[in-house]
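The values are calculated or read from the model by the stated rules, or taken from the named source; none is laboratory data. Small disclaimer: the values here were computed from a predicted structure and weren't measured. Don't worry about glycine lacking a Cβ; one is built from the backbone with ideal geometry, like all the others, and counts go over all protein chains shown. Heavy atoms of the whole protein, side chains included, go into the accessibility calculation; ligands, DNA and RNA do not. Shrake-Rupley method; radii C 1.70, N 1.55, O 1.52, S 1.80 Å.
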Amino acid sequence: MRSWKFFLIFCLTTLSVLPTVAGAQPYGPGAFGAGNALPLPLLIVLRKVDLDSDQQAKIHQIMQASFKTTQPLMKQLHTIHDQIADKLLSSGAVTASDIAPLQQQENAIHQSLNQQMLSTALQIRGLLNPSQLAKAAELHNQLKSTVAQMDSIIGDAPPMGPPAF
C-alpha cells in the first residue's frame, strides 16, 4: 500500500517540479536522464540552498565526473535487460536458473550505481557551508512533511492490480 502511495506522490512531485528544476543550473536539461548521479529530492534541495558560482561550478564538475562513471553502467544494465527479455520471449524453455546469472550481474550494477550516487552526494555535501546544510535540512523536513500530508489525505488506497490486456 505504502509503496503505491509513495509512487503516486513521487510522480506528482516530479511532474510538478520538473519543468522548473530541469532548466536550473548547474544541472541543465539532461539532469534527470538515465544514470543521474543524485536522487531528485536532493537535486531540488540543492537548487534552493543559494549556491554561489564557485559551488555551482564544482558541483557541475562532480556531476560530470559521476555521469562519466555511471553512463557505462547504465548501458550495461540496458544490455542485461535486453538479454533477459530475449530469453523470456524466446521460443524455447526458460527457467529461473537461465536468468539467475543475468540477475546477479544486474544486482552488481545496481550496487555500483548506488555506491556512485552516495559518493557523489557526499562530495557535494562537502561543498556546502553550515548555513546551506541547515537550509537543506529544513527543506528536506518540509518535503517529508508534505509527503506525510499527502499520505494522510490519500489514506489507504486500493492496491494496484495486474495490468488489463
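Numbers at a glance
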{"read-out": "From Thr120, Thr70, Thr79, residue being among the β-branched types (Val, Ile, Thr) and more than 22 Å from Ile44 (Cα to Cα)", "value": "Thr79"}
{"read-out": "Members of the stretch 140-155 found to be surrounded by 12 or more Cβ atoms within 10 Å (Cβ to Cβ) and of a type in the set (Ser, Thr, Tyr), listed by number", "value": "Thr146"}
{"read-out": "Residue within the stretch 80-87 that is over 24 Å from Leu38 (Cα atoms) and open to solvent by 90 Å² or more (accessible area, probe 1.4 Å) present", "value": "yes"}
{"read-out": "Candidate set: the stretch 131-145, residues that are free of Cβ contacts under 8 Å to residues at least 24 places away in the same chain and either of a type in the set (S, T, N, Q) or not in a helix (DSSP H, G or I) (or both); chosen: the one farthest from Lys48 (Cα to Cα)", "value": "Ser145"}
{"read-out": "Yes/no for Ala137 being aliphatic (A, V, I, L, M), modelled with pLDDT of 95 or more and surrounded by fewer than 15 Cβ atoms within 10 Å (Cβ to Cβ)", "value": "no"}
{"read-out": "Filter pass, Thr70 being more than 18 Å from the chain's Cα centre (by Cα) and assigned to a helix (DSSP H, G or I)", "value": "no"}
{"read-out": "Filter result (surrounded by 18 or more Cβ atoms within 10 Å (Cβ to Cβ) and either at pLDDT 95 or above or not hydroxyl-bearing (Ser, Thr, Tyr) (or both)) within the stretch 50-72", "value": "Leu51, Gln55, Ile59, Ile62, Met63, Phe67"}
{"read-out": "Subset of the stretch 56-77 [more than 12 Å from Met117 (Cα to Cα), in contact (Cβ under 8 Å) with a residue 24 or more places away in the chain and not charged (D, E, K, R)]", "value": "Gln56, Ala57, Ile59, His60, Gln71, Leu73, Met74, Gln76, Leu77"}
{"read-out": "Residue count, the stretch 140-165 (criterion: of a type in the set (Lys, Arg) and modelled with pLDDT of 90 or more)", "value": "0"}
